[in-house]
Amino acid sequence: MQSELYPSPHFEGVEKRIEINFRVAADDNKSTGGIIPVAGGLRCLSRAALDVCMTAAECEIVSVRSNEKFDAYVLSESSLFVFADKIVLKTCGTTKLLSAVDPILERAASIERLKLVPSSVRFTRSTYLFPEEQREHHVSFTDECEFLEGRFGHLGSNSSYVMGSNFDDAQWHVYVAGDFVEETKSEASLSVECCMTSLHREHSQHFFRENSQEEGLTAVPFVSSEKTTHDSGIQSIFESFSIDDYVFEPCGYSMNGLNEEYSGEYSTIHITPEDGFSYASVEHSNVDLNANSAFSVSNFVEKCANVFQPGKMTFAVTCHGGRETTNAFFSSLTSTNKDLFCVGETYSRPSMCFQQLPKDQGFVAYLTFVKTCDEEGPGRDKGLNIGSVVVSESVNVGKKVAYDPRSETPMCILDAAMSSGDSSETDDSLRDSSTDEFVSYDQHDELAGQLLQRQQRSSFV
Ligand SMILES: C[S@@+](CC[C@H](N)C(=O)[O-])C[C@H]1O[C@@H](n2cnc3c(N)ncnc32)[C@H](O)[C@@H]1O
């Protein structure tokens, strides 16, 4: 259906992401003491073994860069990060990310002496722009969760969430299982995943190898990936990072960044610049909150906004590991004033919600920003606002929801505090819509009840 509405072929920029943490199998614990050497473990997997896993997901490795803590691979569709005890795979398009899980688990289990087995997993994604084109285990979030439960449900503490307004086109999907805390009592780590749509058309010209002939747009001649990274402002988001960048033919951009100051930290950016379905993602992950205590989520939000100037952007902030540090970090987010994440006057923040993960695994905060005004000029890609009602996936209520993509601020006209439709999955939204501030845990049950009542009162066609 949508192929009649969008330029063909179009590209699904929205990525799926899985992070699997491993530990030494119980029967090998005695011989190894449970220790996985930082240069060993999963990093011992051969290139051929990784290629098999990537082929299963239907993507391939195009570049690699390493530091003492991890190997970062740029893929034809996004990125792969391999640590001694952790794999992070992020793929876009119609790739079959979950089909890589079995080959990864099999190869990890066969690593000599260590025999690595999963200890925890986190799967995340935004709402697909073209959900009907997804295949195999990715046809819906329900399918994705079913698959994940089959492979990781036995780890316990498993749960899934859909965060953000049910009426919005960008909800945040999360599946977690296993115990992050057991493994990393003292370490607290943070990741921020940003997704942007309706990119600025002039800025997007940086990511074409062949210049657009469109009137009103200033062509940016392609010189090198490094120059693209510098001139587009991307380098300024990640100043202390060594960047492995790649500009695709005829367009598209991917990069992995390795922090030279804090060597476990990484970043990754992927850009689909084409008009009609433009999309970019920026991720900054594995931030050790004890070591890099100066890390600021609001600075990160501001930098992404300034560089990309998208029509819309969402941020998922996940904090897990060491309980005290994560708790302190999130109280500092929630106790400070409500403008913490505001980006000047050019963006409004129609929604913010907050999810505590089971068994002290940590927290996820999910924020949405919408551009309030546009300057003169070629403006931004209208993206999905091309004059037709789009049917968007809404797995959490088990039905499809129609919304009008022509609305510039679809969420503003609705009650942003109503998280998603299924209260069993999302009634942990802790935002008080009257004050736009987080509420305490004690207030939570009361607020959830109020939200549910208001949700039941609301009607939407
Ligand atoms: C670079 S990848 C990045 C995907 C990423 N998830 C994003 O933000 O959209 C996608 C972009 O590269 C372009 N592209 C060119 N050759 C490609 C290839 N072989 N595989 C995937 N994308 C390719 C696509 O048209 C699209 O603009």
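Every number in this text was worked out from the coordinates using simple rules, so none of it is lab data. None of the values given here were measured: they were computed from a predicted structure. Reconstructed Cβ throughout: ideal geometry from the backbone, glycine too, with neighbour counts over all protein chains shown.
Quick look at the values:
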{"read-out": "Qualifying GluC sites (Glu not before Pro) for the range 1-92 [loop in DSSP, other Cβ within 10 Å: at most 10]", "value": "68"}
{"read-out": "Members of 227/303; 96/359; 86/115 lying beyond 25 Å, as alpha-carbon distances in this model show", "value": "96/359"}
{"read-out": "Of the trypsin sites (Lys or Arg not before Pro) in the range 193-268, those whose Cβ has at most 15 other Cβ within 10 Å and which sit in DSSP loop", "value": "209"}
{"read-out": "For the range 240-304, the fraction of alpha-carbon pairs in successive 5 Å shells from zero, as %", "value": "4, 15, 23, 23, 16, 10, 6, 3, 0"}
